[in-house]
């Protein structure tokens, strides 16, 4: 649903059915709403069958990378020799994204059930849910739900009476965006500094505590019980665009839009419908100028590109950006694009873990160049400088944080060059004082 | 264990290396240096500096050579345009916050940042109007200063303390370009091996207070040597400037000390610069000593020995070379010899992450060498014997005033082969100036029976000569000394004639990593060596 707005008819309500329904938070309430049936069913299936079902559904990682989930699960060793772990990535920190918090706030047991099924499928007896430190309300709600699930026998040494062990441990983050990166998350879980690791080794070989690990996003895991209940074929049929993008996606829309909120759509829905029909379009008298579709780490789209795009992984790529986590940031014609790009660059500079030279220094330098431009001191040479820095920051680091900083900068210069030039020419008032 | 070999082409050269070798190590074998900062062969590799990115054909991105293993048929370009551009980018990024401290920075002249920027960095900066981040200098404790402004966050120091010293005192604090190497307020860097972080630091960020502003790297002469601190026998380089030892640094030896030395050995060099040396041979003339030439002194020594018989005692410094210990021992062959080595004791301090590497209790570098030559470590017993011996030879031992007084009162002839004049032995028959290990070539045998060469690092003061030369001259007899050894190598070979454990070995055989002797050898005897 476009919570806090009522569901729009064009939405496909699956994960968001009980957003706003406080009764869904309790164990009994969830069972009443059909919960824990999927877990019961899954515990009676073989691991292989579960993995095949999820593979067949076409479910892809909803955290941003879009990696086929069933395939990721199949990377885990077939035999459990060393302990396997599932990690649920609830560190939702991507600017513009606020869907996972809703899943945890309104339907905590959906996540618990999804984690339990996934843990069982990959041969893990323990699942760590890494919740971003700032999510105090979701934390409270998830803690209570996990406690209840244990008390009611849904979790523990004899999950739902199956004789199989499923444990969930909640872990709080401490305020670092980089801990949302899967390998940094594993380091953080181990009590170390949240630095991303080099891959190889991949988590399925050596992950948390050096053991085979799978990391999945909250939304991905929340979708799993639905696939078990209604079948892979059903999930696969939810597809309006490219057949490789199936199921539903929770889109967090914010910015210059009439009805910001979370909207659940079938993959492949035209982005134009999402923006104008479901979310109500721009504010009165305004036109949309730019859209960042995937959370801030993807190239900026112009209105034309956005209006022509189908909202699935391939559709957005076709229009020059990426679906990412589907945190849609809408900017209308009052927006100062240079300022917004600076604000994003400042975010990345603040969050860089400082391992890789290009990211550590490049994000900060990019921010400073943009500040000078905003202060009216920019020059033509700054274009090439920013593009050079972005080139050096792309594809050369352990993780993609520096790539993420480069994306809005490169696309911004490409598509909104005139706004930069206005600052440089002095035809626009400086937006900040020079340092 | 047969290693599967992999064929790889690096910079046009094809070579075969064991499976699992990283590209950076394989490149070394091809004679190609892949520029790097955070990589170090004795540390776990995190691939964070991004300097070592190389172009691998068919790979979608540049690959970090320090963690990417070679694959069959791989073709690697280290100096292609894309790789060089990437490196130029990294160097540019490193320099934007790096202060232009070269004129006042200790590392200048041996700085890896200088080296690579000069080689392939940009000629001018584009970071002109912005302030560099600033943090004040920190005293990390003991000998280490940290200059955060110069730090390039390679994290070698953190990884050394974590993974090699097993003492996680250092960390990386803060994020982004605000990051720096942190140390908790309640801790200091007072680990006995902490000084290695100064060597590991590629730039002048971690500095030795002992060496601070002491000498310029390009003024230094570097000599391969062996640490005279204990029986571990770590390989070192002695850095001198104008004939004064100013610094000791580790020399890599995979078998002995990898890339490290302990702080005790590192600081143990000031004695090499002592100025109060005996500079000429002294012979007793009544109640006083008279300086004379070597011919006269050697003749007197020969005469003294010829006129004595019975027991002899050698009191030798633990720092005496194998050649000196051997030839002096041989000189007294006619006597019943008690030979002892002075071995001060201290606390052991292992380097936890490296097997068999520690500052040893026995603070004598040639204890094992001495033992192979018949010297014991029983100092007190030898001193007691000296009270009644016919001849006592003091080979640069450090005698207390009480010991000197006891010797002075003894009936036997006392011959001192020394570096510093022992005040209490004013009636020694002969006081002959000898060189320290820093002033001569020679060998030590470490606790694993590894014989290792050390080279002369500074010139001999006055008329000082190596002790093996003194003994060798007397052994050869007067007249044209055809048989006397004129080099340490010759002296070493002579040892083989009398002690089978050294037979058949030459200095050249030892190279600069040494050779282990006398371990359980298989049946075949080599050239009469019966052990």
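The values are calculated or read from the model by the stated rules, or taken from the named source; none is laboratory data. Since we're looking at a predicted model, the values are computed, not measured. Here the Cβ positions follow ideal geometry from the backbone for every residue, glycine too, while neighbour counts run over all protein chains shown.
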Could we say that residue A:281 is more than 14 Å from chain B (Cβ to nearest Cβ), over 19 Å from residue A:95 (Cα atoms) and in a loop (DSSP other than H, G, I, E, B) here? yes
Helices (runs of 4 or more DSSP H) wholly inside region A:80-162 containing at least 2 residues that are in the same structural domain as residue A:344 (by TED's automatic domain parsing) and without any contact (Cβ under 8 Å) to a residue 60 or more places away in the chain: none
Could you please find all residues in region B:23-52 being in contact with a strand residue (DSSP E or B) (Cβ under 6 Å, 6 or more places away or on another chain) and within 12 Å of another protein chain (Cβ to nearest Cβ)? B:47, B:52
Considering (1) closer than 24 Å to residue B:88 by Cβ; (2) at pLDDT below 95, say which one residue A:435 fails and leave the rest. (1)
Which members of region B:86-108 meet the condition of being closer than 13 Å to residue B:149 by Cβ and within 8 Å of chain A (Cβ to nearest Cβ)? B:94, B:96, B:97
Going through region A:302-311 one residue at a time, which ones are under 18 Å from residue A:337 (Cβ atoms) and crowded, with 24+ Cβ neighbours inside 10 Å? A:306
Tell me yes or no: at least one residue of region A:404-426 is closer than 23 Å to residue B:154 by Cβ and in a helix (DSSP H, G or I). yes
Any idea which of B:262, B:227 is in contact with a helix residue (DSSP H, G or I) (Cβ under 8 Å, 6 or more places away or on another chain) and more than 30 Å from residue B:390 (Cα to Cα)? B:227
May I ask you to verify whether residue A:349 is on the phi > 0 side of the Ramachandran plot and either at pLDDT below 95 or buried (at least 19 other Cβ atoms within 10 Å of the Cβ) (or both)? no
Among the residues of region B:391-412, which ones are closer than 19 Å to residue B:325 by Cα and either outside the structural domain of residue B:495 (by TED's automatic domain parsing) or in contact with a strand residue (DSSP E or B) (Cβ under 6 Å, 6 or more places away or on another chain) (or both)? B:391, B:392, B:393, B:394, B:395, B:396, B:397
Quick one: in region A:60-79, of everything that is part of a loop (DSSP other than H, G, I, E, B) and under 24 Å from residue A:294 (Cα atoms), which residue is farthest from the chain's Cα centre (by Cα)? A:67
Please go through region A:337-387 and give me each residue that is farther than 28 Å from residue A:193 by Cα and out of contact with any helix residue (DSSP H, G or I) (no Cβ under 7 Å at 6 or more places or on another chain), ordered by number. A:340, A:372, A:375, A:377, A:381, A:384
Among (1) crowded, with 16+ Cβ neighbours inside 10 Å; (2) under 22 Å from the mean Cα position of the chain (by Cα), the one test that residue A:169 misses: (1)
Among the residues of region B:369-393, write down those that are within 26 Å of the chain's Cα centre (by Cα) and surrounded by 23 or more Cβ atoms within 10 Å (Cβ to Cβ). B:369, B:370, B:373, B:375
Can you tell me how many residues in region B:56-77 are facing another protein chain (nearest Cβ under 9 Å) and out of contact with any helix residue (DSSP H, G or I) (no Cβ under 8 Å at 6 or more places or on another chain)? 4
Residue check: is residue A:123 modelled with pLDDT of 95 or more, out of contact with any helix residue (DSSP H, G or I) (no Cβ under 8 Å at 6 or more places or on another chain) and buried (at least 17 other Cβ atoms within 10 Å of the Cβ)? no
Which of the residues that make up region B:21-55 are outside any loop (DSSP other than H, G, I, E, B), out of contact with any helix residue (DSSP H, G or I) (no Cβ under 8 Å at 6 or more places or on another chain) and in contact (Cβ under 8 Å) with a residue 12 or more places away in the chain? B:22, B:23, B:24, B:25, B:26, B:27, B:29
Quick one: which helices (runs of 4 or more DSSP H) sit completely within region B:280-392 and have at least 1 residues that are closer than 21 Å to residue B:230 by Cα and without any contact (Cβ under 8 Å) to a residue 60 or more places away in the chain? B:367-372, B:379-386
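For (1) modelled with pLDDT of 95 or more; (2) under 26 Å from residue B:455 (Cα atoms), each residue gets a yes or a no:
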| site | (1), (2) |
| --- | --- |
| B:309 | no, no |
| B:314 | yes, yes |
| B:325 | yes, yes |
| B:337 | yes, no |
| B:341 | yes, yes |
| B:344 | yes, yes |
| B:350 | yes, no |
| B:367 | yes, yes |
Is there a residue in region A:370-380 that is crowded, with 24+ Cβ neighbours inside 10 Å, more than 10 Å from chain B (Cβ to nearest Cβ) and within 22 Å of residue B:48 (Cβ to Cβ)? no
Of residues in region B:181-216 being within 14 Å of chain A (Cβ to nearest Cβ) and surrounded by 18 or more Cβ atoms within 10 Å (Cβ to Cβ), the one nearest to residue B:262 (Cα to Cα): B:202
Just need a number here: residues in region A:217-272 that are crowded, with 19+ Cβ neighbours inside 10 Å and within 25 Å of residue A:52 (Cβ to Cβ). 24
